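These notes concern the structure reproduced below.
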Amino acid sequence: MFRLYQYATCPYCQMVIRTMKNLGLVENKDFVLVEASRGTEGRDEVVSLGGISQVPFLVDGDTKMYESGDIIAYLQKKFS
């Protein structure tokens with residue numbers, strides 16, 4: 001199960017979430033959404049794991065990535 005660090009009003013996060021749903025991925029079965037708006041524990045984890053304060057941020061095992069386009073391409077390749 002992978003984690004996507006995000007927050008609801010982030011348009012780039014929403015693009016990734018739409019892609020996950022279009023791929024048939026199910027929250028809390030295939031992935032976990034982690035609240036990562038500024039000032040949250042999730043945002044602190046993003047910085048700790050990836051080095052910068054930016055979302056969306058995907059963590060899938062040893063794979064970590066920030067850019068929504070990269071995340072979408074990764075998910076499409078892995079789950080299509």
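Which FRET efficiency value, to the nearest 0.05, do you get for GLU41 and THR9 by plugging their Cβ-Cβ distance into 1/(1 + (r/R0)^6) with R0 = 22 Å?
Once the sixth-power term is evaluated, E becomes 0.75.
Averaging sequence separations of C-alpha pairs under 8 Å and six or more residues apart, then dividing by the length of region 12-80, give the relative contact order as a whole percent.
For region 12-80, the relative contact order is 31 percent.
Identify all aspartates and glutamates with a Cα-Cα distance to LYS77 below 14 Å; exclude those on the same chain that are fewer than 8 residues away in sequence.
Result set, ordered by chain and number: ASP60.
More than 20 angstrom separation, counting every C-alpha pair in the chain; what % is that?
21
Against the longest principal axis of the chain, how steep is helix 68-79, in degrees 0 to 90 to the nearest 10, with axes from Cα atoms?
40
Mind pulling the angle between the C-alpha long axis of helix 11-22 and the longest principal axis of the chain? Nearest 10 degrees, somewhere in 0 to 90.
The two axes meet at around 30 degrees.
As a test of reading the structure, rank MET65, MET15, MET20 by solvent-accessible area (1.4 Å probe, protein chains only), most first.
MET15, MET65, MET20
So for the chain, taking the charge dipole from beta-carbon charges (+1 Lys/Arg, -1 Asp/Glu), which of LEU58, ILE72, VAL46 sits furthest toward the positive end?
After comparing all options, I get ILE72.
For the Cα atoms of the chain, what angle does the longest principal axis make with the long axis of helix 41-50, in degrees from 0 to 90, nearest 10?
Once rounded, one gets 80 degrees.
Carbon and sulfur atoms: what percent of the 1.4 Å accessible area of the chain do they account for? Walk me through the numbers before you get to the answer.
Working: 2250 of 4660 Å².
Carbon-and-sulfur percentage of accessible area, whole number: 48.
Could you give the length gained on full extension between ASN22 and MET65, defined as 0.36 nm per residue of separation minus the Cα-Cα distance, in nm?
Extra length available between ASN22 and MET65 comes to 13.5 nm.
The values are calculated or read from the model by the stated rules, or taken from the named source; none is laboratory data. What you see is a predicted model; the values in this text were computed from it and never measured. Counting neighbours? That spans all protein chains shown, and the Cβs are built from the backbone with ideal geometry, glycine included. Surface accessibility is based on the protein's heavy atoms, side chains included, excluding ligands, DNA and RNA. Shrake-Rupley method; radii C 1.70, N 1.55, O 1.52, S 1.80 Å.
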